[in-house]
Amino acid sequence: MERKNSMGVINAKEVQVGDEVFVIYNNPHVPTVSNIRAAEIVPHPKDPNAVALFLNDTFHTIEDDDALFTSEASAEKAYSDYMDNQMT
């Protein structure tokens, strides 16, 4: 299994504790606002056999459909491409 693809998307099943990843984070209070944030892969606080995403001082379960990026630039490109496709 490859850890990342050519667009800088990391396979969520291949992350390791200590990895820094970038995510497109939707503001829960203002649904139309998204930001790109750095996050860290950490041991899951309740499941010793799993990892979690530590973002904004909060643990998040990593879901299969979460997009984790290797760099801020990769996340920005993906977001830009997505928004461009929404406009057409």
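The values are calculated or read from the model by the stated rules, or taken from the named source; none is laboratory data. Treat the numbers as computed from the prediction; the structure is a model and nothing was measured. So basically every Cβ, Gly included, is an ideal-geometry build from the backbone, and we count neighbours across all protein chains shown. Remember, those area values only see protein heavy atoms, side chains included, never the ligands or the DNA or RNA. Shrake-Rupley method; radii C 1.70, N 1.55, O 1.52, S 1.80 Å.
Just in the range 8-88: which trypsin sites (Lys or Arg not before Pro) are loop by DSSP and have at most 14 other Cβ atoms within 10 Å? Answer by residue number: K46. V9 contributes an accessible area of around 40 Å² to the protein surface, as traced by a 1.4 Å probe with all chains present. Averaging over all projection directions, the Cα-based convex hull of the chain occupies 6.5 nm² in the image plane.
In this Cβ point-charge picture (+1 for Lys and Arg, -1 for Asp and Glu), the chain has a dipole of about 40 debye about its Cα centre.
Entry note, the chain: relative contact order of 31 percent, from Cα contacts under 8 Å with a spacing of 6+ residues. Per-residue surface analysis assigns E20 an accessible area of about 120 Å², computed on protein heavy atoms at 1.4 Å probe radius. Placing a pseudo-label 7 Å from each Cα along the Cα-to-Cβ vector at N35 and Y82 gives an inter-label distance of 1.6 nm. Any chance you could look up the accessible area of V51 with a 1.4 Å probe, heavy atoms only, rounded to 10 Å²? Looks like 50 Å² after rounding. Near the amide H of A52, within less than 5 Å, lie the amide hydrogens of V42, H44, all on another chain or at least 5 residues away, with H placed in the peptide plane. To the nearest ten degrees, helix 72-87 and the longest principal axis of the Cα atoms of the chain are 40 degrees apart.
Summing charges over neighbours of I24, with a neighbour being any other residue whose Cβ is under 14 Å away from its Cβ, gives -4 when K and R count +1 and D and E count -1.
A 1.4 Å probe run over the chain, with the rest of the protein chains in place, finds 70 Å² accessible per residue. Here the simple spin-label model places points 7 Å from the Cα toward Cβ, and for D64 and E20 these points are separated by 3.1 nm.
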